[in-house]
1. Mind checking A:28-38 for the average number of partner chain beta-carbons within 10 Å of each residue's beta-carbon?
2. Pairs A:Lys35/B:Lys82; B:Lys64/B:Lys225; A:Lys35/B:Lys105; B:Lys64/B:Lys315: which exceed 25 Å Cα-Cα?
3. From the phi of every residue in segment B:291-308, what ³J(HN,Hα) in whole Hz does the Karplus formula 6.51 cos²θ - 1.76 cosθ + 1.60 yield, where θ is phi - 60° and glycine or proline is x?
4. List the residues, sorted by chain then number, that are 5 or more residues from B:Asn183 or on another chain and whose placed amide H is less than 5 Å from its amide H.
5. Quick one: order B:Ile104, B:Ile180 by neighbouring beta-carbon count within 10 Å, fewest to most.
6. Given C-alpha coordinates of segment B:231-290, what is the ratio Rg to Rh with the Kirkwood estimate of Rh?
7. For segment B:231-237, take each phi angle, set θ = phi - 60°, evaluate the Karplus expression 6.51 cos²θ - 1.76 cosθ + 1.60, and give the result in whole Hz per residue in order, putting x for glycine and proline.
8. In segment B:60-95, which GluC sites (Glu not before Pro) fall in coil by DSSP and have 15 or fewer other Cβ atoms within 10 Å?
Amino acid sequence: MASRVSSKGKGKAGRGAEDGPTARFVKEWSTWTMKKAKVIAHYGFIPLIIVIGMNSEPKPHLSQLLSPV
Amino acid sequence: MGSSVSHAAASPPSIPPPPPHAVGLAGVLPPKSEEKSEKKVDWLNLPCPVPFEEIQREALMSLKPELFEGLRFDFTKGLNQKFSLSHSVFMGSMEVPSQSSDTIKVPTAHYEFGANFLDPKLMLVGRVLTDGRLNARVKCDLSDNLTLKINAQLTNEPHYSQGMFNFDYKGKDYRSQFQIGNNAFYGANYIQSVSPHLSLGSEVFWLGHQRKSGVGFAARYDTDKMVATGQVASTGIVALSYVQKVSEKVSLASDFMYNLMTRDVTSSFGYDYILRQCRLRGKIDSAGCVAAYLEERLNMGVNFILSAEINHPKKDYKFGFGMTVGE
């Protein structure tokens, strides 16, 4: 779990360059994954809850989702 | 046993047979040795303590209601036992934290859409605002004793998002938690029941980016009628609180916080009336701030809310009203 939490700032780039190309590649790849995961969570979390909720028992109707009553 | 059996036949069946030489009232009341054995503490079967972050829960519920300024309207619509949608409108001023002593208020208006899925094993709560901010909370029971909680605020602006992962482990008479947050924040805490009423806990945290770490200790003593807690942290904060349940409907709470670094002292006293049709909470602060919060039940599922906060030294007056429809 610790590797998933990478720094969001660019301050550590100077120190990372000394570790060699492999460490730099891992750091860049984990930063790219975190950015994509953040975008997916941002747009997909509420639709995920709605999909899970609409499939739970007893199944509500689609019209109940949209109507205000 | 023979003599007591004949005595038992003469006395009513609900009373245990009196000892052979008892006279008068002593023969009718249950023997005192039973009472003593009920009060004896079973040190191997202590109750599970409250989670570390909820150690001051009663005091916070009474002394820190969600005061607001402006209009608030919340509508929760349940589609299902477990699934519900919520729509929320807010129009009013929100306070922006500022360095100087003046309060800066920014008029805001937003609409918030939310979806909740509540299952005994999985809880998902999401709220999204009109400016694109998302508040997400996930609580998942990975096993009987292990729980994963995720708390996140995601924004469109880069570098402003926050997230925290918590792993909770609940033992027989202890709880432990491990936290990982963004900006390389790591924390852990542990709380243990030491007696049926007393529990002690401690926490450590480490901030990666600023290379800061801290340790804290907490204690909580609770009975049916009162709860007393104390917390000390290496950041120089001492926090004490005391809540007394005066009756079924009334509880009184007080809170004391001392910052050793800035030599700042804050103390507050409050009351909490839970009546049949309403809940009224009020408090007064040592900083000269008086606040009250009323939730009145007009009908089944319809609540009317009034909030007031008067800060006399800063001359800051906040009044709000609102309505909550649905559970």
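Rule-based calculations on the coordinates, nothing more; no lab input. No experiment lies behind these values; they were computed from the predicted model shown. With ideal geometry, Cβ positions are generated from the backbone for all residues, glycine too; neighbour counts draw on all protein chains shown.
1. 1
2. Going by Cα-Cα distance, A:Lys35/B:Lys82; A:Lys35/B:Lys105 fall outside the 25 Å limit.
3. Per residue, the Karplus-derived 3J(HN,Hα) values read 9, 8, 8, 10, 10, 10, 8, 7, 7, 5, x, 10, 10, 10, 10, 10, 9, 9 Hz.
4. Correct list: A:Lys8.
5. B:Ile104, B:Ile180
6. 1.10
7. 9, 10, 10, 6, 6, x, 10
8. Those satisfying the criteria are B:Glu66.
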